[in-house]
Amino acid sequence: MYRNVFLLHLPLRTALRKPLNPSPRFHPFLDPLPRGSLLPGTSFLKPYSTSPSSTSSTSSTSTSSSQPPPQPPPDEWTDEIEYLDETNEVIYSGKGIRAVDPARDDHIIVGGLKKPLSNVAAVVKIVDTVNRWKWGPQLEAQLDRLPFAPTLPHLKFALAQVQDAEAALALLGWARRQLWYEPNHEIYTLLFDRLNDERQYDQIQSLFNDMIQEVVACDSVGSSFSAQNRAIQHLSSAGKLEISFNCFKRSQVLGLEFDTGTYNSLITLFLNKGLPYKALEVYEAMEESSCLLDSATYELMIPNLAKSGRLDAAFKLFSQMKEAGHRPNFGIFACLVDSMGKAGRLDSAMKVYTEMQAFGFRPSATVFVSLIESYVKAGKLDTGLRLWDDMKKAGFRPNFGLYTLIVESHAKSGKLDVAMSVFSEMEKAGFLPTPATYSCLLEMHASSRQVDHAMKLYNSMTNAGLRLGLSTYTSLLTVLASKKLVDVAAKILLEMKASGFSADVHASDVLMIYIKDGSVDLALRWLRFMGASGIRTNNFIIRQLFESCMKNGLYESAKPLLETYVSSAAKVDLILYTSILAHLVRCQDEQNERHIMEILSATRHKAHSFMCGLFTGTEQRKKPVLSFVREFFQGIDYELEESAARYFVNVLLNYLVLMGQINRARCVWKVAYENKLFPKAIVFDQHIAWSLDVRSLSVGAALIAVVHTLHRFRKRMLYYGVVPRRIKLVTGATLKIVIAQMLNSVESPFEVSKVVLRSPGESVLEWFKKPIVQQFLLNEVPSRSDILMHKLNVLFPSSAPEVRSFSPPKPLAFVKGM
């Protein structure tokens with residue numbers, strides 16, 4: 001009989017000191033023990049045979065894998081097995097065991113007895129196998145040859161003991177191919193935690209995909225399956241936005257339920273990534289699933305809803321939180337106060353602020369600043385100041401921005417005393433006001449015409465080394481100009497120019513202020529300063545100053561301005577020339593007339609050549625008056641200068657009547673009517689009514705128009721026999737008395753009403769037959785120069801083209817002997 005030997009690797013000292021008891025009740029090498037209760041250095045043993053037959057049979061079995069499997073060995077051995085130590089001394093001998101076939105055995109044989117394999121031993125065996133072979137075909141082969149039939153609890157406990165995540169995944173992969181395997185959320189939860197500890201997020205995603213496939217394939221998985229929660233939470237904590245949301249959506253489609261922690265993790269992830277609307281989408285899904293909200297959810301969603309502008313939803317959730325028994329934290333109160341205030345819901349913000357104090361929270365500096373800013377920006381400065389005082393009483397020091405806000409808001413609202421008081425506190429607190437704060441105070445003082453305070457702030461600003469802005473310079477120059485402080489304004493303008501700002505526009509603005517104020521002397525003085533400083537102005541302002549000089553009778557100062565205007569390539573238009581001519585009409589001083597004539601000549605306008613030619617003889621101009629006038633009016637662009645031409649005709653007819661040039665005046669009126677400058681003046685309504693409307697004409701133009709038109713009416717009635725029912729002269733209230741008195745001098749039949757002179761056609765026909773009327777209409781107009789001059793001075797239109805023809809003259813009483 002051959003001797004079968006087990007090589008036992010025990011410490012020699014232990015083996016010699018305490019021989020093992022081969023009692024079948026307890027065999028230290030064959031009876032399975034829990035992990036930790038095995039002796040040091042022991043393991044599951046296999047028999048080692050010293051007989052050559054045993055060796056040859058082993059080798060032949062390993063080489064003939066393609067042959068049919070051999071018959072299973074008998075249930076027990078009759079060979080004696082000797083157990084040796086390191087020195088080859090026998091420490092025990094007895095019957096051995098045969099190899100257990102996992103396909104048909106769920107026990108081990110101890111001696112001649114069958115003993116069931118305990119669960120603890122099975123788990124230990126699985127764990128030892130996995131830890132030894134790790135992964136791959138060798139591990140699967142070893143697991144297939146386990147001396148027992150594994151179960152799902154064995155797998156669960158074994159995975160809990162395997163520390164290597166890769167080995168655990170390999171064990172799960174083998175188990176999934178076994179018939180006894182079922183999807184279990186505890187197993188996946190365990191593996192998700194293990195992979196998260198090792199930060200293997202790609203493996204978490206892969207394992208999640210495998211889990212979803214199992215859930216889809218297995219109909220028995222119910223709502224209790226919760227491993228997806230752990231996977232989504234781990235991926236969300238790792239910042240895997242797209243992967244975690246994809247896992248959430250896939251689980252949602254399969255009808256899997258989520259816990260509060262999963263929703264919170266997704267909401268936190270979206271908020272951290274700056275996607276509040278996706279966080280709201282997750283929150284809405286949470287509400288639809290009837291998942292209970294915890295304190296963390298409220299603390300996440302209330303600030304998120306408030307900051308995204310959904311204040312009603314945030315306030316509603318805030319009320320639900322209190323009703324559910326959760327205590328709001330300080331962050332929720334602070335966020336609601338800030339959001340409500342910025343949205344203009346000041347009452348709600350104050351209510352939350354009061355409630356925060358009732359909950360025992362002490363308002364922070366941030367809460368005070370937010371409330372003060374909200375009230376101040378809403379214009380409720382009194383409440384803002386009250387909160388400002390509460391903030392200082394609470395021991396908080398206002399920051400620079402809050403000081404600036406209080407100062408600027410009170411300054412802009414006109415409360416300059418409060419603004420200056422807080423401004424002084426700001427300087428005492430060690431804050432240096434910004435140029436914007438200085439500028440705001442300075443501009444507000446300037447706009448309220450407080451020159452002394454504005455200059456004081458300006459000096460403080462320059463002493464502090466701060467650079468003024470363009471708007472500040474503008475405001476300061478405006479108030480100095482309005483106060484007529486020319487020297488100080490000139491100094492500020494030069495400093496502005498030295499600072500790099502363009503001074504031309506602002507200097508012109510100051511000049512315009514003097515012009516509009518009627519301070520022509522100051523305007524001329526400022527213009528001389530601008531020229532000495534190399535500062536230029538524009539032609540528009542030169543023209544305005546020229547017209548102001550003409551209006552105030554400063555003709556000697558006006559001429560150089562006009563020459564400057566013409567020399568700068570500016571074009572003198574017909575309106576400007578006509579306004580100068582109007583001054584000539586009203587002028588009664590011979591010396592001033594010479595100045596005005598020189599100014600007219602300096603315009604170099606074609607109308608001046610026309611005026612000179614109009615007063616010359618036929619021999620010199622080599623054409624009749626009517627042809628000469630028609631030639632001039634044909635050169636006018638009526639699309640651009642129609643109103644200017646109408647204005648020119650009115651003033652020119654005044655001048656011609658004043659000068660006694662009635663024939664020339666009638667030629668001008670005739671040509672003006674031919675060119676439709678007054679298209680609605682004369683109306684022929686067949687046999688019903690003929691009318692003349694002179695309301696838009698000057699005095700001279702009206703007189704000429706009446707005489708010339710009545711002459712036309714006379715020719716129609718006497719030569720052609722056409723007699724209308726009535727004839728009207730629409731004069732308006734201004735010219736009614738002048739024209740009525742002129743016609744009464746030749747006993748006219750026209751009756752005077754409010755604004756019209758009217759007469760029956762037959763009466764006018766009889767009147768036209770009188771010789772005195774024929775002489776009156778053909779030859780001349782009453783021209784007592786003193787009376788007409790008085791009319792022109794009172795009734796002549798102003799310089800504005802729209803007003804020139806419509807300005808109402810005062811009523812004038814004519815002498816009957818006219």
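The values are calculated or read from the model by the stated rules, or taken from the named source; none is laboratory data. Quick caveat: nothing in here was measured; it's all calculated off a predicted structure. Methodologically, a virtual Cβ is constructed for each residue, glycine included, from the backbone with ideal geometry; neighbour enumeration extends over all protein chains shown. Calculation scope for accessible area: heavy atoms of the full protein, side chains included, ligands and nucleic acids excluded. Shrake-Rupley method; radii C 1.70, N 1.55, O 1.52, S 1.80 Å.
Just a yes or no: is a residue in segment 704-722 surrounded by 15 or more Cβ atoms within 10 Å (Cβ to Cβ) and under 60 Å from the mean Cα position of the chain (by Cα)? Looking for residues that are surrounded by 15 or more Cβ atoms within 10 Å (Cβ to Cβ) and under 60 Å from the mean Cα position of the chain (by Cα), one finds none in segment 704-722, hence no. When restricted to residues that are in contact with a helix residue (DSSP H, G or I) (Cβ under 9 Å, 6 or more places away or on another chain), open to solvent by less than 80 Å² (accessible area, probe 1.4 Å) and over 19 Å from F648 (Cα atoms), segment 594-623 contains 4.
Residues considered: V773, V752, V781. Of these, the only one that is modelled with pLDDT under 85, surrounded by 13 or more Cβ atoms within 10 Å (Cβ to Cβ), more than 60 Å from the chain's Cα centre (by Cα) and over 26 Å from V585 (Cα atoms) is V773. Once segment 508-518 is narrowed to residues that are touching a residue at least 24 places away in the same chain (Cβ under 8 Å) and outside any loop (DSSP other than H, G, I, E, B), the residue that is most open to solvent (accessible area, probe 1.4 Å) is D509. Whether a residue is assigned to a helix (DSSP H, G or I), of a type in the set (D, E) and over 28 Å from E408 (Cα atoms) was assessed, and D521 passes this test. Of all the numbered requirements in (1) under 27 Å from S508 (Cβ atoms); (2) open to solvent by less than 60 Å² (accessible area, probe 1.4 Å), K551 misses one, and that requirement is (2).
Quick check on my filter: what residues within segment 407-433 are over 22 Å from V451 (Cβ atoms) and open to solvent by less than 60 Å² (accessible area, probe 1.4 Å)? Matches in segment 407-433: S409, V422, M426, A429, F431.
Note on segment 484-507: residues that are closer than 20 Å to Q450 by Cβ, outside any helix (DSSP H, G or I) and open to solvent by less than 20 Å² (accessible area, probe 1.4 Å) total 0. Exactly one condition in (1) part of a helix (DSSP H, G or I); (2) under 20 Å from A168 (Cα atoms) is not met by L269; state its number. Result: L269 fails condition (2) only. Can you pull out the residues in segment 654-706 that are polar (S, T, N, Q), out of contact with any strand residue (DSSP E or B) (no Cβ under 9 Å at 6 or more places or on another chain) and either under 16 Å from L729 (Cβ atoms) or not in a helix (DSSP H, G or I) (or both)? Matches in segment 654-706: Q661, N675, Q686, S696, S698.
Of these, Y458, Y438, which one is assigned to a helix (DSSP H, G or I), within 27 Å of S533 (Cα to Cα) and open to solvent by less than 60 Å² (accessible area, probe 1.4 Å)?
None of the others qualify; the one that does is Y458.
Screening the candidates A217, A160, A121, A168 for the property of being open to solvent by less than 60 Å² (accessible area, probe 1.4 Å), at pLDDT below 80 and out of contact with any Ser or Thr (no Cβ under 9 Å at 6 or more places or on another chain) yields one hit, A121.
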